[in-house]
Amino acid sequence: MPSKDLAYYMTLRYPLELLGGEDGGYLATHPDLDGCMAEGATADEAIANLGDSRELWIEAQIEGGYPVPEPRTDEPSGFVSLRMAPSLHGQLDGMARRQKISLNLLLNTVLSRYAGGVDALRQVVESARQAEARGAAPEVSRAAAATAAPRRAR
């Protein structure tokens with residue numbers, strides 16, 4: 001089986017994350033390539049510099065005999081099985097009941113706030129409350145929940 005070379009890896013589309021700095025400038029990273037990052041004064045410059053960094057990073061891995069991961073191709077399913085202390089479960093369930101929303105929606109709201117998706121989930125919660133006020137079941141469709149889920153830049 002032929003070995004994969006630099007040219008092969010450079011054709012792959014690795015996801016990227018772009019962060020703005022507090023003092024200006026941008027940091028671009030490839031999460032799949034641990035430690036592969038670049039900076040730039042603008043977002044475009046940081047992304048262009050990341051292309052150069054990716055090439056050097058992959059080349060060093062190959063020359064050192066280390067594996068080069070390929071981009072992740074599977075998308076998260078949106079399903080998570082979560083274990084927690086019964087006391088925490090009880091507290092969260094009580095919060096959800098007081099807000100008249102499902103425990104699932106409460107957990108999604110809390111996690112989205114933590115991950116930075118406050119505005120989108122606020123809209124979902126408001127839609128659920130409006131549906132409840134109209135007498136409709138406050139269920140949120142999968143499409144609405146998917147729209148509210150924050151996504152990383154790719």
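None of the figures in this text is laboratory data; all of them are computed from the coordinates on show. It should be emphasised that the depicted structure is a prediction, and the values quoted were computed from it without experimental measurement. Ideal geometry is used to build each Cβ from the backbone, glycine not excepted, and the neighbour counts take in all protein chains shown.
Once the Cβ-Cβ distance of residue 17 and residue 60 is raised to the sixth power relative to R0 = 22 Å, the FRET efficiency obtained is 0.60. Each label was represented as a point 7 Å from its Cα along the Cα-to-Cβ direction; for residue 93 and residue 34 these points are 4.0 nm apart.
With a Förster radius of 41 Å, plug the Cβ-Cβ distance of residue 85 and residue 43 into 1/(1 + (r/R0)^6) and report the FRET value to the nearest 0.05.
0.45
Using a Debye calculation, one point per C-alpha and no hydration shell, please list log10 I(q)/I(0) for the range 6-63 at q = 0.15, 0.21, 0.23, 0.24 Å⁻¹ in order. Treating every Cα as an identical point scatterer, log10 I(q)/I(0) equals -0.40, -0.73, -0.84, -0.90.
Going by average Cβ density within 10 Å per residue, which order do the peptides 14-21, 90-97 take, highest to lowest?
Packing order, densest peptide first, comes out as 14-21, 90-97.
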